[in-house]
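Accompanying notes for the structure given below.
The values are calculated or read from the model by the stated rules, or taken from the named source; none is laboratory data. Values in this document were obtained by computation on a predicted structure and should not be read as measured data. As a convention, Cβ positions derive from the backbone with ideal geometry for all residues, glycine included, and neighbour counts pool all protein chains shown. Remember, those area values only see protein heavy atoms, side chains included, never the ligands or the DNA or RNA. Shrake-Rupley method; radii C 1.70, N 1.55, O 1.52, S 1.80 Å.
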There are 2 protein chains.
Amino acid sequence: MSAQHKLEQGLSRQGPLCIGLDPDPAKLPALLHGEPASFLIEIVAATADLASAFKINMAFFEALGREGLQALERVRQAIPPSALLIWDARRGDIENTNRHHARSAFEVWNADAVTVHPYLGIEPLAPFFDYLDRLTFVLCATSEGSTLQDLRIAGSDEPVWSWVAREVARTSRGQCGLVVGATRPAQLRAVRKLAPALPLLVPGVGAQGGDIPAQPALVNVSRAVLYASSDSDFATAARRAAESLRDRCMSATSGVGQAAAPD
Amino acid sequence: MSAQHKLEQGLSRQGPLCIGLDPDPAKLPALLHGEPASFLIEIVAATADLASAFKINMAFFEALGREGLQALERVRQAIPPSALLIWDARRGDIENTNRHHARSAFEVWNADAVTVHPYLGIEPLAPFFDYLDRLTFVLCATSEGSTLQDLRIAGSDEPVWSWVAREVARTSRGQCGLVVGATRPAQLRAVRKLAPALPLLVPGVGAQGGDIPAQPALVNVSRAVLYASSDSDFATAARRAAESLRDRCMSATSGVGQAAAPD
């Protein structure tokens, strides 16, 4: 099933919630002795019917070395095939290297979607975009760190994030998306206008203080669900947090299923 | 030994050559049956006295899956401890995630240096900069993909790459560097003026058509050395290519050892 179809089905069935899997050994419930795989597998099982996507934050797994990548292989198996699997790796290089990054995302990890950096412009991202049945989410206006993104371009006075949104919208043939932080509601509204057909991935809700966006989008929550309780009831607490966030997303954004799906 | 000290010693002893390790199974000499570790270990052995740094292009290893990471562990052992090990991973995220990226680069892989993206601005890169005895090379003006980097900022008319160079120079306490492509000699000269104390990592020489820079810098060559011959003489050919490039670097840049070392 294509990533586009999965996203569309997920948004209409489960709603816009995406659960971010960021295993931080220091925050795991004590009874798990810092073992991330079992923890995340329980989280996935407890929330699978509430989330249309799971987002793997590669940095957290890579920081655990070989053990982290083995844990990731186990967690990957536990994610239901109907959920959109987002490989949040934030890669980006010259075109020749991006070919290898795209292979890593879409073939080695068999992810449905990947996140990428636009600092080298949009053209070198072509090897990601060549996977027409997957989704490549380009960082646009992030939940933190806006100094470069907010620079205004001489002549048009357009901010850099807006330039990125327009360039990606112009390039997309249904395989591109944008990352816009929940902490930046004005940018979220503007991007929705600039790129109405593109799916948005919106992190920053919860621990980062962002509000549930009023615009249709895939809303990522990581810490607020994963670490809802540090006790043995962590899975139940995660489910409760996810349910409440899903309900708030659903009431904030009406008609999500239709509007947020790519064309 | 600190990365700064290694760089200084390497530049004065071996000169400015950095050899990029980008294992592309399709290009390996046939006799190696696509086995990247033995290939790279022979390349490192044949060139170690000519290079002050080795740059690991993570994408190429990650694209080979678990086998690629096992190969990387072997290759890593083969790099002499006196050479600067650059983990060319081009990471970059919010601060909380960058903590894990920095741990991955500097603790899991024990690299001397890492490359990072500035699209989230300079502040969220703090977890990398906290490692004062390592080097964090921020992408500035890359060898390919300049559309975003060349945007001019309203008011000052300064290009984005120049803004990045200034911000990084302002932040550095000896632990920052900049990546500037050899295909962009004008930018290279300008960055050298904006950030005279910062070490520069200059890729794009060789396959990408860039010239040896006339400014002191760490000059990376990947394909032109690795794939100098696809036959059984690949190691000798790599050494010959590296030697010729090293000599051209040495004659192009006089006084490299002093000027390119961080203060």
Zone residues, region A:17-45, relative to A:THR236, backbone N less than 20 Å from point 7 Å out along Cα-to-Cβ: A:28-33, A:39-45
Whole-Å distance, taken between Cα centres, linking region B:140-175 and region B:1-28: 25 Å
Stretchable slack from A:GLN70 to A:ASP130, in nm (0.36 nm times residue separation minus alpha-carbon distance): 18.7 nm
Inter-copy spacing of A:LEU132 label points, which lie 7 Å from Cα along Cα→Cβ, given in nm from shortest upward: 5.5
Pair-distance profile P(r), taking every C-alpha pair of the protein assembly as shown, with 10 angstrom steps and integer %: 4, 20, 29, 26, 15, 6, 1
Interface residues in region B:136-156 - accessible area drops by 50 Å² or more relative to the isolated chain, probe 1.4 Å: B:GLU144, B:THR147, B:LEU148, B:LEU151, B:ALA154
Size of the A/B contact, given as accessible area buried on both chains, probe 1.4 Å, in Å²: 4600 Å²
Inter-copy separations for B:LYS193, label at 7 Å along Cα-Cβ, nm, ascending: 4.0
Accessible area expressed per residue, the protein assembly as shown, with surrounding protein chains retained (probe 1.4 Å, Å²): 34 Å²
Label point 7 Å beyond Cα along the C-beta direction, distances from B:ASP157 to other copies (nm, shortest first): 1.9
Rg over Rh [alpha-carbon atoms, Kirkwood Rh] for region B:21-92: 0.95
All-pairs Cα distance distribution in chain B, expressed in whole percent, bin size 5 Å: 1, 6, 14, 18, 20, 17, 12, 7, 3, 1, 0, 0
Percent carbon-and-sulfur accessible area, chain B, ignoring ligands, DNA and RNA, probe 1.4 Å: 48 percent
MRE, 222 nm, helices only [DSSP H, n ≥ 4, -39500 (n - 2.57), over the protein assembly as shown, to nearest 500]: -11500 deg cm²/dmol
Phi-based couplings in Hz for region A:167-175 (Karplus 6.51, -1.76, 1.60; Gly and Pro marked x): 5, 5, 4, 5, 7, 5, 10, x, 10
